[in-house]
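A quick write-up on the structure given underneath.
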């Protein structure tokens, strides 16, 4: 008995609590459904349950009941409203992705006979196949044409060999057709207007101009379908809604190794938050002539501080909400803000190593300690604001500089013209400190820029005991930099899944080989569970070489890619329970039938005991 029917589903919790006296695992072992037996026309549809099928047959129904936690609902599930329906690629003469050559009838002369065509499930799609069959190429195409950015020139050149690409997607109750035409001539040279002004091949990022695409909104009409072009500015906003980014584990590993993972975390956390304003101020400061820097700070530093505090409050609220919901991972905001050397080193280095300030017993060595304490007390920008505005009384009231004097007045110092720090000379002391801080405009600008980079940084602390184990280990949190490569990948993937789930991100999630650098225990215990949890909230398209992911994450569709080393194509596309797909899974992901049989023979002796 695995199913319990209730005439009143509101009594579910009461029944669960009662059965828990005899079986503590009642919620995972039993599927509760509404007993909606109708005895009249009027009672039909009053007591419904919703069941998600792979296919409408008895086998799929049994599978849904077994997997009831994500397949059976007593309340109507809210379906995602943003998903990619499918992609059509017209390869032209040189495109790699084409139609399956084994299924082409050579007698046909239709123009679209060689087109690469694949549709996607709204839920979890697993793309499998051998090396070099075009799996990652397909993801690169989706990523490039929906973001209108490309990581490198080589990838863009490979994509541009295809003649024309269409993507059909659904967003906010509307259907769209997206047409992408590579802006190259017959020799594969880019056309003059192919790139935006911020195009850059040096840092790897390439920004595509509006020339590459046209977006059409589909209008349903009784007589015929209508296609209305969407203006490019509006189209880019729609593209930003439907798709954020893809995740390549190999690229994430590269970011980790280069110490650039903080920017990735920032972009994920700050999605939907306008944090560009602070960067705009810094850009204006950098572009300000040296002679006008002091005036710029006088006019704008209060606004910069206000913008920074507003951003900080929004981010803190977003992070706190997420951290309070987590047992496995914690986001740290501005983790290195206490390391003042990252943004104050150049200012400190220009402070003289000897000498007296304004002919008083205050030495420049005392000033170094004083300045660091000021920054610790008020904050870096706030300290600059006080000195730029010459608010010496406020400074002295909260942190008197005379408290940092270490030398006593002697006859020798008197003979040198040195005097005690008094009311009459205190202003001169603060004036000299002010001039020391702001005199070198280049150092000042670099220090502010470095401070913004530090304040805008993020890190992750991950529970390294979050793995499959025969023991229940207590949590041990470590910073990302202190983890092994496998642990880092696990942390980043968990962050991607859990943060998107927490914030209600329902844009399609595209992932390339999430299992790389992860052990099978982690994949089974965590990764598959995360995919199962999020696939009902957002569409997932994942390239994988892991049979554990395909079989245990309950993919709604498996897309099998194949290649002859000249072109790549879709060899098969079906539910994972279908015989054809099972054969492909065994062939590509288990090493073939012989390899799989050997595993079965080795393990079956111990399976019952284990």
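Residue 82 meets all of the listed conditions (1) in contact with a strand residue (DSSP E or B) (Cβ under 8 Å, 6 or more places away or on another chain); (2) surrounded by fewer than 16 Cβ atoms within 10 Å (Cβ to Cβ) but one, namely (2). Being touching a helix residue (DSSP H, G or I) at 6+ places or on another chain (Cβ under 7 Å) and either assigned to a helix (DSSP H, G or I) or at pLDDT below 85 (or both) is the filter; apply it to segment 501-515 and report the residue that is surrounded by the most Cβ atoms within 10 Å (Cβ to Cβ). Residue satisfying both the conditions and the ranking: 501. So if I check each of 350, 390, 306, which one is over 21 Å from residue 449 (Cα atoms) and out of contact with any strand residue (DSSP E or B) (no Cβ under 9 Å at 6 or more places or on another chain)? When all the criteria are applied, what remains is 390. Considering segment 547-568, the residues that are in contact with a strand residue (DSSP E or B) (Cβ under 6 Å, 6 or more places away or on another chain) and within 15 Å of residue 131 (Cβ to Cβ) include one that is surrounded by the fewest Cβ atoms within 10 Å (Cβ to Cβ), namely 562.
Of the set (1) in a helix (DSSP H, G or I); (2) in contact (Cβ under 8 Å) with a residue 24 or more places away in the chain, all apply to residue 377 but (2).
When segment 569-584 is filtered for residues that are buried (at least 20 other Cβ atoms within 10 Å of the Cβ) and either over 18 Å from residue 102 (Cα atoms) or modelled with pLDDT under 90 (or both), the ones remaining, listed by number, are 576, 581.
Give the residues of segment 354-374 that are outside any helix (DSSP H, G or I) and in contact (Cβ under 8 Å) with a residue 40 or more places away in the chain, sorted by residue number. Across segment 354-374, the qualifying residues are 356, 357, 358, 359, 360, 361, 362, 363. Taking the criterion of being modelled with pLDDT of 80 or more and under 16 Å from residue 521 (Cα atoms), the only residue of segment 455-483 that qualifies is 463. Scan segment 388-406 and tell me whether some residue there is surrounded by fewer than 16 Cβ atoms within 10 Å (Cβ to Cβ), closer than 30 Å to residue 488 by Cβ and free of Cβ contacts under 8 Å to residues at least 24 places away in the same chain. No, because not a single residue in segment 388-406 is surrounded by fewer than 16 Cβ atoms within 10 Å (Cβ to Cβ), closer than 30 Å to residue 488 by Cβ and free of Cβ contacts under 8 Å to residues at least 24 places away in the same chain.
For (1) in the same structural domain as residue 250 (by TED's automatic domain parsing); (2) more than 24 Å from the chain's Cα centre (by Cα); (3) under 27 Å from residue 73 (Cβ atoms), each residue gets a yes or a no:
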{"site": "515", "(1), (2), (3)": "no, no, no"}
{"site": "518", "(1), (2), (3)": "no, no, no"}
{"site": "542", "(1), (2), (3)": "no, no, yes"}
{"site": "550", "(1), (2), (3)": "no, no, yes"}
{"site": "570", "(1), (2), (3)": "no, yes, no"}
{"site": "578", "(1), (2), (3)": "no, yes, yes"}
{"site": "582", "(1), (2), (3)": "no, yes, no"}
{"site": "588", "(1), (2), (3)": "no, yes, no"}
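Residue-level check: of (1) assigned by TED's automatic domain parsing to the domain that holds residue 496; (2) surrounded by 15 or more Cβ atoms within 10 Å (Cβ to Cβ), residue 317 misses just (2). Counting only strands (runs of 3 or more DSSP E) that sit completely within segment 184-295, those holding 3 or more residues that are modelled with pLDDT of 85 or more correspond to 213-219, 226-230.
Residues are listed down the side, and each one gets a yes or a no for (1) in a helix (DSSP H, G or I); (2) surrounded by fewer than 16 Cβ atoms within 10 Å (Cβ to Cβ):
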site: 409; (1), (2): no, yes
site: 417; (1), (2): no, yes
site: 429; (1), (2): yes, no
site: 442; (1), (2): yes, yes
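Return yes or no: is residue 301 surrounded by 11 or more Cβ atoms within 10 Å (Cβ to Cβ), assigned to a helix (DSSP H, G or I), touching a strand residue (DSSP E or B) at 6+ places or on another chain (Cβ under 8 Å) and at pLDDT 85 or above? Walk me through it before giving the result.
Numbers: surrounded by 11 or more Cβ atoms within 10 Å (Cβ to Cβ): yes; assigned to a helix (DSSP H, G or I): yes; touching a strand residue (DSSP E or B) at 6+ places or on another chain (Cβ under 8 Å): no; at pLDDT 85 or above: yes.
Against the criterion (surrounded by 11 or more Cβ atoms within 10 Å (Cβ to Cβ), assigned to a helix (DSSP H, G or I), touching a strand residue (DSSP E or B) at 6+ places or on another chain (Cβ under 8 Å) and at pLDDT 85 or above), residue 301 does not qualify.
Considering segment 234-272, the residues that are free of Cβ contacts under 8 Å to residues at least 60 places away in the same chain, touching a helix residue (DSSP H, G or I) at 6+ places or on another chain (Cβ under 9 Å) and in the same structural domain as residue 196 (by TED's automatic domain parsing) include one that is surrounded by the most Cβ atoms within 10 Å (Cβ to Cβ), namely 235. Listed here are the helices (runs of 4 or more DSSP H) enclosed by segment 1-99 that have at least 3 residues being under 31 Å from the mean Cα position of the chain (by Cα): 68-71.
The values are calculated or read from the model by the stated rules, or taken from the named source; none is laboratory data. Bear in mind the structure is a predicted one, so any value in this text is a computation, not a measurement. We place every Cβ from the backbone using ideal geometry, glycine too, and count neighbours over all the protein chains shown.
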